[in-house]
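Novice: If you scroll down you'll find the structure; I have some questions about it.
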Amino acid sequence: MEHTDNEPLQFGKGNNPSNIMPVKLTLDSKINFRCYPGVSCFTACCGNIKIILTPYDILQLSRRLNIKPHEFVSQYAEPDFLEQTDMPGVRIKMRADDNRCPFVTPDGCTVYTDRPTACRYYPIGMADFHEGGRKEDGKEVLGGYDKFYFKVVEEHCKGHFEDKEWTIAEWRADQGVDVRDEMNKEWLRLIMRRKSHGHQASLSEQAQRMFFMASTDLPSFRRFIFESSFLDTYEVEPELVEKIRADDIELMKFSFLYLAATLFGAQGLRIKEEKVQAKVAEIKQRQDESVLEAIREYEEMKRERPE
């Protein structure tokens, strides 16, 4: 995950430095950890926690439960803002009676193979630091760069005392984190980009609605593309059009491209030239009409002014 502040990002949990070991780890660093039904704290980490859901999490969990994404969000999630921004997202809705994940039982997680990204990271987090900047060949590039991993050790967790040894790379591969990172990276970049802007300007209500729809309800986003003037407005290669028509993963990736372009002006999605020219003509016409209206008002004032 990409982070631009000077503190580690522990995705899905509140930042709590007392639980984060102040040691930078690499992919070759070794840890001892194992979680299984026989460990005394089994599923203790599945309650009293904020589990933010990524678009890929929602897609996979809705498939697992054989329900539509908006039904999953309505039944199993609740709204939240992402990473201290005004970008709307969702988190798992804990059970009211015990404040635990709705998918956890005494025997473990009922959706384990499709569990959210935040659950897969534990107890290893990752941080990317970008600081400063410099120019190379006339182009602005990132300055200091430091990517590392860190271990989260909570008092209740006994998995750290198990004798199973892993490298960080082995643990991440075993938990399917690498796949999730690839699926989530562009979405996380949107959040980090928004966070880096601070509070100078707020997202409009329309922008927030679009971000929420594209992030949580791919079927509605697909209808937006194919049942509106979208494809008449934007240049999208025919091959890509067919991909996003049939493939949810391709559609999800396209949604990140669209959001980056519309929210932050990123390159990658172009408005058709004829639409640009039409908009220019429309603006010029409005300006001309405004000038003519001002002239008419001025002439009217002259006529009404007594000699």
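Novice: Does Asp98 qualify as being assigned to a loop (DSSP other than H, G, I, E, B), among the acidic types (Asp, Glu) and over 23 Å from Val152 (Cβ atoms)?
Specialist: When the stated conditions are applied, Asp98 does not pass them.
Novice: Spot the failing condition for Leu61; the list is (1) over 21 Å from the mean Cα position of the chain (by Cα); (2) over 30 Å from Thr26 (Cα atoms); (3) crowded, with 20+ Cβ neighbours inside 10 Å, and only one is missed.
Specialist: Status for Leu61: all satisfied but (1).
Novice: Kindly indicate which of Gln208, Gln175 is assigned by TED's automatic domain parsing to the domain that holds Ala77, closer than 30 Å to Cys119 by Cα, modelled with pLDDT of 90 or more and of a type in the set (S, T, N, Q).
Specialist: After applying the criteria, what remains is Gln175.
Novice: Within region 1-46, which residues are modelled with pLDDT of 90 or more and not in a loop (DSSP other than H, G, I, E, B)?
Specialist: Leu25, Lys30, Ile31, Asn32, Ala44, Cys45, Cys46
Novice: Give just the number: which of (1) surrounded by 20 or more Cβ atoms within 10 Å (Cβ to Cβ); (2) modelled with pLDDT of 95 or more; (3) among the aromatic types (Phe, Trp, Tyr) does Tyr149 not satisfy?
Specialist: (2) is the only condition that Tyr149 fails.
The values are calculated or read from the model by the stated rules, or taken from the named source; none is laboratory data. Values in this document were obtained by computation on a predicted structure and should not be read as measured data. Glycine gets a Cβ as well: all are built from the backbone with ideal geometry, and neighbour counts include every protein chain shown.
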